[in-house]
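The values are calculated or read from the model by the stated rules, or taken from the named source; none is laboratory data. In this text, all values refer to a predicted model and were calculated from it rather than measured experimentally. Cβ placement follows ideal geometry from the backbone for every residue including glycine, while neighbour counts extend to all protein chains displayed.
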Amino acid sequence: MYQSHFGLQELPFGITPDTNFAYACTGHQEALNTLLIAVKNGEGFIKITGEVGTGKTLLCRKFLATLDDSYVSAYIPNPYLEPRTLLLALAEELGVDLGKEDDQYHMIKGLTQALLGFAGDGKSVVLCLDEVQAMPIESLEALRLLSNLETEKRKLLQVVLFGQPELDDRLAQDSIRQLRQRITFQYRLGELGRDEVDYYLAHRLRVAGYRGNRLFTNSAVRALHRASGGIPRLLNVLAHKTLLLAYGEGAHEIAPHHVRAAASDTPAVQQKRWWWWGFAMVVVSASSLGWLIYK
């Protein structure tokens, strides 16, 4: 690959969430602070939403890595599970032995005893669920029932929901309004700004071992921000392709033409461009119609 060409120790722009590469941009740091404050206060439900590729999973892993020994954590990356299976997955994460033939009542009873045991040891239990927009309504309700468990001082289980914006639509349903009312802290992850893209690229290159001169020109950074929309995952895909292209040319600097070539080979960028083109056509058509009406 291109590591030796650019003096890198590893690939800097992988799309697999890696906390070693986590960049503390304003949005992610605010979200992390929100999570830490919420769990310290013993809140029941916390919600983090963001578009695809904005770094929700990476934030989740960073958050779990930040928790100290006073917390017992559980992480379920794929919550598309019916209630009984979800309870079994939670029990497995917490190291609780539940009978696989038990009904839901006895499962909740077994988890309750385990949670009381953790509380007796001075431990707070935090459950993080990723991709919650895909979770069945019945499973969300089972989580709410678990969150009812509390001592006179605090909740026995705190739940952090990570999901795409569609999660808000799901939570708006009347059938789970009780859960919606229990979400006390929330944060919406956004895209990176132009300057943040510059810092983001430099940070990941530095972590990967790069020690040379500026690799991405200012115009290339502007082109990357425009093509990616500031979405970290898409930015990683494009940056990786630009390095491959520059390596193929024997170049040691990333220029706008590398970004354009990478963008033309990336379906997500093309889809975004077509969306904006369609939006622009609607605006132009509406303006033209208005001009004809008022002429």
Neighbours by Cβ (under 9 Å, 6+ apart or cross-chain): first from the range 111-129, among the polar types (S, T, N, Q); second in a helix (DSSP H, G or I): Thr112/Leu146; Ser124/Val39; Ser124/Lys40; Ser124/Phe118
Residue match in the range 184-191 (condition: of a type in the set (Val, Ile, Thr) and touching an Asp or Glu at 6+ places or on another chain (Cβ under 9 Å)): yes
Enumeration of residues in the range 117-151 that are touching a Leu at 6+ places or on another chain (Cβ under 9 Å) and loosely packed, with under 13 Cβ neighbours inside 10 Å: Thr151
Elements of type helices (runs of 4 or more DSSP H) contained in the range 19-109, each with 2 or more residues being within 21 Å of Thr184 (Cβ to Cβ): 26-40, 56-66
Odd one out for Arg211, checked against (1) over 30 Å from Pro79 (Cβ atoms); (2) in contact (Cβ under 8 Å) with a residue 24 or more places away in the chain; (3) touching a helix residue (DSSP H, G or I) at 6+ places or on another chain (Cβ under 7 Å); (4) of a type in the set (D, E, K, R): (3)
Unmet requirement for Ala65, which otherwise passes all of (1) farther than 30 Å from Gly229 by Cα; (2) surrounded by fewer than 17 Cβ atoms within 10 Å (Cβ to Cβ): (1)
Number of positions in the range 152-175 that are surrounded by fewer than 18 Cβ atoms within 10 Å (Cβ to Cβ) and aliphatic (A, V, I, L, M): 1
Matching residues in the range 158-169 - criterion: being over 15 Å from Pro83 (Cβ atoms) and outside any helix (DSSP H, G or I): Gln158, Val160, Leu161, Phe162, Gly163, Gln164, Pro165
Scan of the range 128-151 for residues that are assigned to a strand (DSSP E or B) and either closer than 20 Å to Tyr105 by Cα or of a type in the set (Lys, Arg) (or both), ordered by number: Glu150
Lone qualifier among Asp97, Asp168, Asp121, Asp174 - being touching a Ser or Thr at 6+ places or on another chain (Cβ under 8 Å), in the same structural domain as Gly55 (by TED's automatic domain parsing) and at pLDDT below 95: Asp168
Residue in the range 95-114 that is exposed (fewer than 13 other Cβ atoms within 10 Å of the Cβ) and hydroxyl-bearing (Ser, Thr, Tyr) present: yes
Within the range 125-146, considering residues that are over 23 Å from the mean Cα position of the chain (by Cα) and under 18 Å from Glu93 (Cα atoms), the one modelled with the lowest pLDDT: Leu146
Members of the range 1-34 that are farther than 24 Å from Arg214 by Cα and of a type outside the set (Val, Ile, Thr): Pro17, Gly27, His28, Gln29, Glu30, Ala31, Leu32, Asn33
Some residue of the range 199-208 being at pLDDT 95 or above, among the charged types (D, E, K, R) and under 21 Å from the mean Cα position of the chain (by Cα): yes
